[in-house]
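Here is the structure we will look at.
The values are calculated or read from the model by the stated rules, or taken from the named source; none is laboratory data. Nothing here was measured: the structure is a model prediction, and the numbers come from that model. Neighbour counts are summed over all protein chains in view; Cβ atoms, including those assigned to glycine, are modelled from backbone coordinates with ideal geometry. Protein only, heavy atoms only, side chains kept; ligands, DNA and RNA dropped before computing areas. Shrake-Rupley method; radii C 1.70, N 1.55, O 1.52, S 1.80 Å.
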Amino acid sequence: MNKRVRSFMWVGVALAVVAVAVAVALTLHGLRNLGADERAGVRSKGDAGTECVGTRPAGSLPDLHGESATLRVVLRIDQVAPRRYPGVFTGLGVDEDDRAVDVWRIPSDAFDAEICGLAVRGVTVRLHDTDVNRKTLDALSDRIVTDIKRWDGTFEMREVAVDERGFVRVGVDDPDTAEPIIEKAYGEQNARYIRVEHVEQAHADVG
């Protein structure tokens with residue numbers, strides 16, 4: 001999963017902090033209804049190429065703060081996937097309603113076997129194919145963030161975030177103007193993993 005907190009929509013999972021774990025569960029819960037992006041080679045949850053249902057006892061994974069069985073699987077996968085499979089792992093989401101975990105990765109038999117082996121009874125792991133790993137997306141996102149003010153006066157870049165499904169989401173005020181400029185700036189290969197979208201200007205609450 002690796003949704004590390006940064007200045008632009010980045011949420012991380014921390015095993016030892018209840019508040020962070022709950023926030024991650026709620027944030028990732030919202031990912032389940034996002035549509036697929038064919039440019040990035042990712043699929044929606046309904047198009048999972050492989051599904052596996054957990055067989056191990058729920059008590060075999062740590063329950064530090066009363067997490068649900070689904071969230072315990074998420075937290076464990078988040079420990080294992082980016083550390084052992086950095087060249088394969090793309091992202092991670094949770095669907096508490098269906099007691100399911102969505103995992104995006106470059107197809108790998110070894111990865112799939114280990115991740116499916118972490119699921120407990122009653123929890124389904126849905127594996128989705130991508131063609132990019134999280135390290136590549138992080139590097140692209142960092143590069144775009146560095147250029148956040150580069151096109152001021154032409155368009156306004158308002159948000160940059162890695163999407164778990166395999167692309168970098170770039171929020172701007174004027175997508176029609178921004179998209180061809182951004183695609184040219186970062187090249188055809190990188191453009192496959194960039195989604196340019198309209199985002200409203202954030203306003204501080206006054207009260």
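How much accessible area does THR130 have with a 1.4 Å probe, in Å² rounded to the nearest 10?
10 Å²
Show me the GluC sites (Glu not before Pro) within the range 135-207 that DSSP assigns to loop and that have at most 10 other Cβ atoms within 10 Å of their Cβ. It would help to have the intermediate numbers written out before the result.
Details: sites: GLU156, GLU159, GLU164, GLU183, GLU188, GLU197, GLU200; in loops: GLU156, GLU164, GLU200.
Loop-located and lightly packed - GLU200.
Just how large is the dipole of the range 90-196 about the Cα centre, in debye to the nearest 20, putting +1 at every Lys and Arg Cβ and -1 at every Asp and Glu Cβ?
280 debye
Summarise the accessible area of the range 138-207 (1.4 Å probe, protein heavy atoms) by the percent that is carbon and sulfur.
Numbers: 1700 of 3750 Å².
The C+S portion of the solvent-accessible surface of the range 138-207 is 45 percent.
Stretch ARG143-GLU114 to full length: gain in nm at 0.36 nm per residue minus the Cα-Cα span? Don't skip to the end; give the middle numbers.
Values: separation 29, 0.36 × 29 = 10.44 nm, distance 3.20 nm.
Residue separation times 0.36 nm, minus the Cα-Cα distance, leaves 7.2 nm.
Given H placed 1.01 Å from N in the peptide plane, which residues other than close sequence neighbours of ASP102 have an amide H under 5 Å from its amide H?
GLY93, VAL94, ASP95, ARG126
For the range 91-167, with every protein chain kept in place, what is the accessible area per residue (1.4 Å probe, Å²)?
Result: 37 Å² per residue.
Apply the Karplus parameterisation 6.51 cos²θ - 1.76 cosθ + 1.60, with θ equal to phi minus 60°, to every residue of the range 76-89 and state each ³J(HN,Hα) to the nearest whole Hz, in sequence, with x for glycine and proline.
3J(HN,Hα) across the range 76-89, in whole Hz: 5, 4, 5, 6, 7, 4, x, 7, 8, 9, x, x, 10, 5.
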